[in-house]
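The values are calculated or read from the model by the stated rules, or taken from the named source; none is laboratory data. Since the model is a prediction, treat every value here as computed from it, not as a measurement. Neighbour counts are summed over all protein chains in view; Cβ atoms, including those assigned to glycine, are modelled from backbone coordinates with ideal geometry.
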Amino acid sequence: MNLSAETYLAVTGELAPEDFPACLTLAQSMLDARTLCFYADKDEAALPALITRALTRYLVYQTQATSLAGGVAGVMETPQQSGSLGKYSFVGGVGGSAHCPAAAALLPLLVSYARCD
């Protein structure tokens with residue numbers, strides 16, 4: 001699926017980040033891994049509008065999250081599992097290759113459609 005900077009702007013209300021191509025490539029590979037490349041060679045026009053919309057949003061959300069996490073290199077770093085600052089502490093960091101919550105919420109629909117087709 002081709003995602004343009006204009007589509008990114010339309011969904012997020014923000015300009016595409018400088019590292020947009022690299023983050024989009026990672027988002028697409030994450031989608032391919034979860035759907036066994038089902039959507040990799042699909043013609044967008046042949047997909048139902050609901051699925052096309054979900055694919056677009058998945059790619060936008062995951063691309064945005066990757067960029068905000070420091071780009072591809074930032075996502076690949078080992079996350080800190082715990083830390084503290086004074087009397088405050090946290091435990092249980094998110095895995096480095098985890099999907100952002102907004103993108104993860106779309107995966108069941110996208111995987112289900114891939115299995116039903």
If we take the stretch 1-113, then helices (runs of 4 or more DSSP H) inside it with 2 or more residues that are surrounded by 19 or more Cβ atoms within 10 Å (Cβ to Cβ), at pLDDT 90 or above and on the phi > 0 side of the Ramachandran plot are none
Pairing a residue in the stretch 5-27 that is within 14 Å of Ala65 (Cβ to Cβ) with any residue that is acidic (Asp, Glu), where Cβ atoms lie under 8 Å and the two sit 6 or more apart in sequence or on different chains, gives Tyr8/Glu14
